[in-house]
Amino acid sequence: MLMKASNAGARLVKSPTYRLFCSRPGLRCVHRGSTAAGPLAAVTSKTPASPLPFLRLVTRGMADSIQVPKAAAVQEAETDIFTSNPLLQDVVFPLYDQVKAEHVVPGMRALLAQLHKDIDALESSVVPTWSGLVEPLEQLTDHHQRTWGIVSHLKGVKDSDTLRAAVEEVQPENVALGLRLSQSKPLYQAFKALQEGPAWKDLTEAQQRVVDIELRDFVLGGVALEGEAKERYNAIQQELAQLSTKFSNNVLDATKV
C-alpha cells in the first residue's frame, strides 16, 4: 500500500509495517515524497497536485453543533494537542529543537487516533478512482510518515533512554495501524475496482504502476488471511518491528563505545 520503522521502528519491505514508517529499513516509498508540489506530484501528470503540501484528509477542530458539552470538551482537548505538541505541528521544517521524548507518546497516540478515524471515513465512502482513493490514502499516510520520521531521526542522532522508552511504548500501536491498512478489505476492493474499471485506461503508466504495487502489497500484507493465520502473521510483524528496533539500538550503543 502507500504506507509502512527506521532506527526507531520504521515500515517493512513490501509489508504493512513499511507502509507507515518509510524511515525504517525496508519500508517502501515508491511514490512518496515531500516536495512543495505534493507527495504524488511525480506520478500525477493528469491529475493536478494540491497546492497545499501537507493537506490533511480531515480538518480537525470542527465541532458538531449538537454535541453535548462533555463531547465538545474532549474534542477541544484533542484539537489542543495538535497545536501545542511540537511533534504534530503542520510546518514545512520539523521543529527538531522543540521535540522532546515526552512529546512522543501523547503526540503519536493523538495522531494515531485521528488516523483511525480518517481510515474509517475513507473506507465508508471510498470511490475507486485516483482522486477518490489513491490521493486521500496518500495524504493520510504521508502525515503519519512525516511525524514518525521526526521521531526516527531524533532516535538516530539524539538517542536517549527516555526516547527509547517512548518509541518502544508506542511502536506496537504504529505497527497495528500499518497492519490495519494492509488488511483493509474495503480499500483492497477499491483498488481492484480501479484496476478493472473504465477509469484504468485514463491513468498514466506511472499511476497504473502505483495501483499494481498497492494491490501486490495488500496480498503480501495479509489482506486474504483470516483467523489464526491472520493473528500469527500480525504477531510476526510486531516481533519483526521489535527486533528491528533492538538491532538499531545495538548499533547506536556500539558507536558510543
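The values are calculated or read from the model by the stated rules, or taken from the named source; none is laboratory data. This one's a predicted model, so the numbers in the text were calculated from it and none came from an experiment. Here Cβ is always computed from backbone atoms with ideal geometry, including for glycine, and neighbour counts include all displayed protein chains. Heads up: the accessible areas ignore ligands, DNA and RNA and are worked out on the full protein's heavy atoms, side chains in. Shrake-Rupley method; radii C 1.70, N 1.55, O 1.52, S 1.80 Å.
Tell me which residues, restricted to the range 246-255, are more than 13 Å from GLU168 (Cβ to Cβ), out of contact with any Gly (no Cβ under 9 Å at 6 or more places or on another chain) and open to solvent by less than 90 Å² (accessible area, probe 1.4 Å).
Residues satisfying the conditions are ASN250, VAL251, ASP253, ALA254.
Filter the range 158-183 for residues that are open to solvent by 40 Å² or more (accessible area, probe 1.4 Å), within 21 Å of ASP120 (Cα to Cα) and not acidic (Asp, Glu) and give the result.
Those that are open to solvent by 40 Å² or more (accessible area, probe 1.4 Å), within 21 Å of ASP120 (Cα to Cα) and not acidic (Asp, Glu): PRO172, ALA176, ARG180.
Across the range 215-257, which residue is nearest to the chain's Cα centre (by Cα) among those that are closer than 25 Å to LYS158 by Cβ and among the charged types (D, E, K, R)?
Of everything passing the filter in the range 215-257, LYS246 is nearest to the chain's Cα centre (by Cα).
Here's the yes/no breakdown for (1) assigned to a helix (DSSP H, G or I); (2) under 16 Å from PRO86 (Cα atoms); (3) of a type outside the set (Ser, Thr, Tyr):
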residue	(1), (2), (3)
ASP118	yes, no, yes
GLU123	yes, no, yes
PRO128	no, no, yes
GLY132	yes, no, yes
GLU135	yes, no, yes
ARG146	yes, yes, yes
GLY149	yes, yes, yes
ALA166	yes, yes, yes
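What pairs can you find where one residue is in the range 85-103 and surrounded by 12 or more Cβ atoms within 10 Å (Cβ to Cβ), the other is in a loop (DSSP other than H, G, I, E, B) and among the β-branched types (Val, Ile, Thr), and their Cβ atoms are less than 7 Å apart, with a gap of 6+ or different chains?
Pairs that qualify, where the first residue is surrounded by 12 or more Cβ atoms within 10 Å (Cβ to Cβ) and the partner is in a loop (DSSP other than H, G, I, E, B) and among the β-branched types (Val, Ile, Thr), are PRO86/VAL99; LEU87/VAL99.
In the range 199-221, which residue that is buried (at least 16 other Cβ atoms within 10 Å of the Cβ) and of a type in the set (D, E, K, R) is farthest from ASN234 (Cα to Cα)?
GLU214
Report the residue count in the range 104-129 for those that are more than 18 Å from LEU181 (Cβ to Cβ) and either basic (Lys, Arg) or crowded, with 19+ Cβ neighbours inside 10 Å (or both).
Qualifying residue count, the range 104-129: 3.
It is to be established whether one or more residues within the range 229-245 are surrounded by fewer than 14 Cβ atoms within 10 Å (Cβ to Cβ), farther than 30 Å from ALA165 by Cβ and at pLDDT 95 or above.
There is at least one residue in the range 229-245 that is surrounded by fewer than 14 Cβ atoms within 10 Å (Cβ to Cβ), farther than 30 Å from ALA165 by Cβ and at pLDDT 95 or above.
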